[in-house]
Amino acid sequence: MKDTRILIIDDEPDFSALLAANLEEAGNFEVREVNDSSKSLEVARDFKPDLCVIDVVMPGLDGGDVVSRFRSDPDLKEVPVIMLTALVEENPNRPDGETITGGLPFVSKTSDFETVLACIEKHLLEAEE
């Protein structure tokens, strides 16, 4: 079975490295990090992710700009995206902790790893259907 490719786009290298390490330890995930959002499209085209985790607030291109560019790219427009941000609180009414805004799932950066992982796994399953 091939590893599931997850691309993390976040301007905080310590945060993205910790999330990447936890994902790689948790399962069959191949993870790549991009800490400069202006390079995210190029890296995504090369890496061909199965899912992207994108921070909302970043210098230069913010998370919304990155998603917009992905949706305009024929090779990336169908890649599931999870927005991970400090701007929302964990949704206590959902086991995956997500809040849907503008059609995109948002998960709080303050969520525990199991919550973030549940959201990722949910959206990977939905993408397979």
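What follows is calculated from the coordinates using simple rules that are stated; it is not laboratory data. All figures in this text were calculated on a predicted structure; none of them were measured in a lab. Here the Cβ positions follow ideal geometry from the backbone for every residue, glycine too, while neighbour counts run over all protein chains shown.
Taking every DSSP helix (H) stretch of at least 4 residues in the chain, weighting each as -39,500 (n - 2.57) and dividing the sum by the residue count yields a mean residue ellipticity at 222 nm of -11000 deg cm²/dmol.
Maximal additional length on extending the Glu128-Leu18 stretch stands at 36.9 nm, based on 0.36 nm per residue less the C-alpha distance. P(r) tail for the chain: Cα pairs beyond 18 Å make up 48% of the total.
The charge dipole of the chain, taken about its Cα centre with unit charges on the Cβ of Lys, Arg, Asp and Glu (plus for the first two, minus for the last two), comes to roughly 360 debye.
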